1. Please state which one of 95, 115 is touching a residue at least 12 places away in the same chain (Cβ under 8 Å) and out of contact with any His (no Cβ under 9 Å at 6 or more places or on another chain).
2. Based on this model, can you work out whether residue 192 counts as within 21 Å of residue 60 (Cβ to Cβ) and either among the small types (Gly, Ala, Ser) or at pLDDT below 95 (or both)?
3. Only one of these conditions is not met by residue 306: (1) at pLDDT below 90; (2) part of a helix (DSSP H, G or I). Which number is it?
4. Collect the residues in the range 307-328 that are hydroxyl-bearing (Ser, Thr, Tyr) and either on the phi > 0 side of the Ramachandran plot or in contact (Cβ under 8 Å) with a residue 12 or more places away in the chain (or both), keeping them in residue-number order.
5. Checking residue 330 against (1) in contact with a helix residue (DSSP H, G or I) (Cβ under 7 Å, 6 or more places away or on another chain); (2) surrounded by 13 or more Cβ atoms within 10 Å (Cβ to Cβ): exactly one of these is not met. Which one?
6. Specify which of the listed residues (249, 210) is within 21 Å of residue 68 (Cα to Cα), touching a Cys at 6+ places or on another chain (Cβ under 8 Å), surrounded by 15 or more Cβ atoms within 10 Å (Cβ to Cβ) and hydrophobic (A, V, I, L, M, F, W, C).
7. Only one of these conditions is not met by residue 72: (1) over 25 Å from residue 132 (Cβ atoms); (2) modelled with pLDDT under 95; (3) not basic (Lys, Arg). Which number is it?
8. From the list 223, 205, 238, which one is within 25 Å of the chain's Cα centre (by Cα), aromatic (Phe, Trp, Tyr) and more than 22 Å from residue 57 (Cα to Cα)?
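The values are calculated or read from the model by the stated rules, or taken from the named source; none is laboratory data. The structure presented is a predicted model; accordingly, all values stated were derived computationally and were not measured. Methodologically, a virtual Cβ is constructed for each residue, glycine included, from the backbone with ideal geometry; neighbour enumeration extends over all protein chains shown.
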Amino acid sequence: MGIEDILLHDETIFQDINAFNPDYMPENYNFRDSQMEGMAMNIRPALNNGRPVNTVVLGSCATGKTTAIKKIFEMVEKTSNKILCCYVNCQLHTTRFSIFAQIHKKIFGHAPPETGIPVSRVYEKIMQHLSDENKALLVAFDDVDFLFQNNMINKVFYDVLRAYEEYPGVKTGLFAILSELEFRFALDKNVDTVFIPQEILFPPYTRNEILSILSDRVKVGFYPGVISEEILEEITDYCIDIGDLRTGIDLMRVCGNIGEANASKTIENKHLEEAKSNNKSLKLVETLKSLSKSEKALLKIISNSSEVLNSGSLSKLFMEETRFSHATFGRALEKLEFLRLIDTKFTGKGVRGNSRQIILRLDPEAVNKCLL
């Protein structure tokens with residue numbers, strides 16, 4: 001099939017291609033009832049003129065944390081006008097001004113001007129509105145670990161949690177959503193003493209749960225009969241191997257596009273294999289593009305090693321080859337682990353503390369090829 005045929009072909013196997021988008025909100029949200037109930041209990045005090053309970057929402061990637069937050073916020077806003085719920089993606093908004101601009105936009109329907117207005121004035125307008133209207137504010141910080149840099153997490157948390165000191169009667173709270181279990185140790189004492197969160201854990205989905213979620217998405221996204229049970233089972237296994245449900249959802253979209261480009265009314269195994277190959281390559285390239293010079297250098301050392309290194313020997317190699325400091329090594333190692341490019345396994349006490357084995361999660365040849 002030629003390019004013109006692909007672009008002009010009006011038949012489609014997609015019933016609703018938006019069902020495979022990252023921001024799609026499924027009508028049926030299953031397997032997280034207890035977590036939703038826990039969040040509702042922590043929001044409930046604000047519905048009775050109290051202060052929401054600060055909460056840490058913990059769980060690995062693609063365990064439904066973001067969807068749960070958005071669902072519960074949607075439910076709150078439909079049932080009460082006593083609380084303003086604001087969702088902030090900390091990957092996109094990492095400065096005080098940007099974060100409070102999002103809160104301003106939620107409250108007033110528009111963002112403040114980006115120039116000429118200090119963040120203090122934006123903050124004052126927000127808090128004065130809450131005081132005048134006697135409304136509580138609950139902010140959900142998704143991927144909050146992106147605020148660790150430059151101590152931004154302490155500044156922003158302090159602004160939100162201690163607003164009552166300058167604006168008596170103002171009731172504020174926050175939900176911190178993240179994968180790192182130890183993040184609270186990064187908070188200053190004056191923040192930690194007022195944060196005191198409850199924790200809600202989102203465990204990984206089981207295989208049957210993943211299969212059920214993907215099946216629901218298929219019913220919405222594809223016409224009946226487009227994808228077989230066998231291929232859906234394969235995609236489920238792929239999700240488990242990769243450790244990310246979102247990968248499977250996106251894989252179905254790519255499979256559908258490949259099938260349509262080949263004028264196929266069904267998704268076949270060859271379409272799945274091509275999609276998996278494309279998916280791995282594109283994700284790796286995009287991930288490696290985001291790495292700094294020191295992080296790329298560390299990943300290259302790991303991928304070129306013929307044996308499993310421990311953190312001590314790897315640190316020595318890194319500093320010898322790059323002339324970067326041990327502190328830079330530590331930050332780079334944390335970043336690679338956060339991006340799931342490596343795994344670390346504690347093996348006991350070392351010279352500088354707990355020693356860890358460093359294990360590359362990817363094919364070394366593929367990594368080196370993308371690093372060129």
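1. Matching residue, one of 95, 115: 95.
2. no
3. Condition not satisfied by residue 306: (2).
4. 311, 315, 322, 328
5. (1)
6. 210
7. (2)
8. 238
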